[in-house]
Amino acid sequence: MSSQSLPQPLSPPSPQPSPQPPPERPPHERLDAFLVAREFVAFVAQQRGRLRGLPGEAGPQLERAAVSAMLNVAEAAGRQAARDRARVFAIARGEACEAAAALDIAVLFGALTAEQAAPARALLDRLTRMLSRLSRGA
């Protein structure tokens, strides 16, 4: 008998982990309205120091309305019933309109110039148009 060794059988390839699909984003993060509302909240956060001291608590009210609009868009996106979803989108639209009025107050009292507020105003105009459609269930 020879001392040559017999060829070893090939071992099966080790299983490759199957690629995992990317995690699904929450429903609100797939909505343009949420992204626009988020951008507006970021603007308000950047201007926070300038908004302090406005009469009638307009600065904090602008912050509350902006945050509320964003949160209501997220809440509506998570609602199952179409009527309920439309109702919460309508609430978000009301908050966006309130934020627009508070932004106007900031300009009228000199906390922001019209030029500084213009990008935020454009975001709010876009957001209210989107929310009008969403609140009709369109």
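The values are calculated or read from the model by the stated rules, or taken from the named source; none is laboratory data. Given the structure is predicted, the values throughout are model-derived calculations rather than measurements. Cβ atoms come from the backbone with ideal geometry, glycine included; neighbour counts cover every protein chain shown. SASA here: full protein model, heavy atoms, side chains in, ligands and nucleic acids out. Shrake-Rupley method; radii C 1.70, N 1.55, O 1.52, S 1.80 Å.
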> Got a sec? What order do Leu123, Leu108, Leu62 fall in by accessible area at 1.4 Å, biggest, i.e. largest, first?
Replying inline: Leu108, Leu123, Leu62
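Using a 1.4 Å probe and counting only protein heavy atoms, arrange Leu54, Leu71 so the residue with the most accessible area comes first.
On the way: Leu54 20, Leu71 110 Å².
Ranked list, largest accessible area first: Leu71, Leu54.
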>> What is the sum of charges, Lys and Arg at +1 and Asp and Glu at -1, for the other residues whose Cβ falls under 15 Å from the Cβ of Val88?
In response: +4
> Contour minus end-to-end for Leu108 and Arg25, with contour as 0.36 nm per residue of separation and end-to-end as the Cα-Cα distance?
Replying inline: 25.9 nm
> Pulled fully out, how much extra length does the chain show between Ala122 and Gln46, if you take 0.36 nm times their separation in residues and subtract their Cα-Cα distance?
Replying inline: 25.7 nm
>> If you split all Cα-Cα distances of the range 54-122 into 10 Å bins from zero, what percentages do you get per bin, shortest first?
In response: 22, 43, 23, 10, 1
>> To the nearest 20 Debye, how big is the dipole of the range 51-123 about its Cα centre, given +1 on the beta carbon of each Lys and Arg and -1 on that of each Asp and Glu?
In response: 300 debye
